[in-house]
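Here is the structure we will look at, set down as structure tokens.
The values are calculated or read from the model by the stated rules, or taken from the named source; none is laboratory data. None of these values were measured; they are calculated from a predicted model. All Cβ positions, glycine included, derive from the backbone under ideal geometry; neighbour counts span all protein chains shown.
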Amino acid sequence: MAFQINPLLAAFFLFLSLAKIFPLNVVTASDPDPVEDICIPNGRSSRSQVSSKDFYSSVLRDGAVASSPPKSFAFSQAIVSTFPGLNTMGFSVARIYLGPGGVVRSHAHPRASELVDVEKGVIEVGFVDSNNKLFAHNLKEAEACFTIS
């Protein structure tokens, strides 16, 4: 009677042997450190083309619902396409308009957080941490809350 080796088992032991001889490399990644105080906004070829207008935006003032309150939810967003000075800063700004009973659905921003500031009215704001614990608070005018996403 001949001894037979299961090909799957042989491949597994070969893999384990090679893994001990050639350990797998661990790969890590991170955001690069900025090397300049400002980045040339998209569409510009040199720093001499950058002006103070690149670092100013009225999109939050002139945005989605500047005068009449929304029925539930609307927002204005300052991002690189509307605010060139934000290029490579890892930062954006949004102004959210909530009407009576308005809700911003649960959402996430990978590797980002939010600062919620109430200009008028009262809202309930909160977040759930990685241990599934809810942190919530009612914010009134001139109050702010930092949330993780």
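Here are the numbers:
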quantity: Which listed residue, of SER57, SER48, SER72, SER52, is among the polar types (S, T, N, Q) and modelled with pLDDT under 75; calculated: SER72
quantity: Residue in the stretch 82-96 that is surrounded by 16 or more Cβ atoms within 10 Å (Cβ to Cβ), outside any loop (DSSP other than H, G, I, E, B) and polar (S, T, N, Q) present; calculated: no
quantity: All positions within the stretch 97-107 that are within 15 Å of VAL118 (Cα to Cα) and surrounded by fewer than 12 Cβ atoms within 10 Å (Cβ to Cβ); calculated: PRO100, VAL103
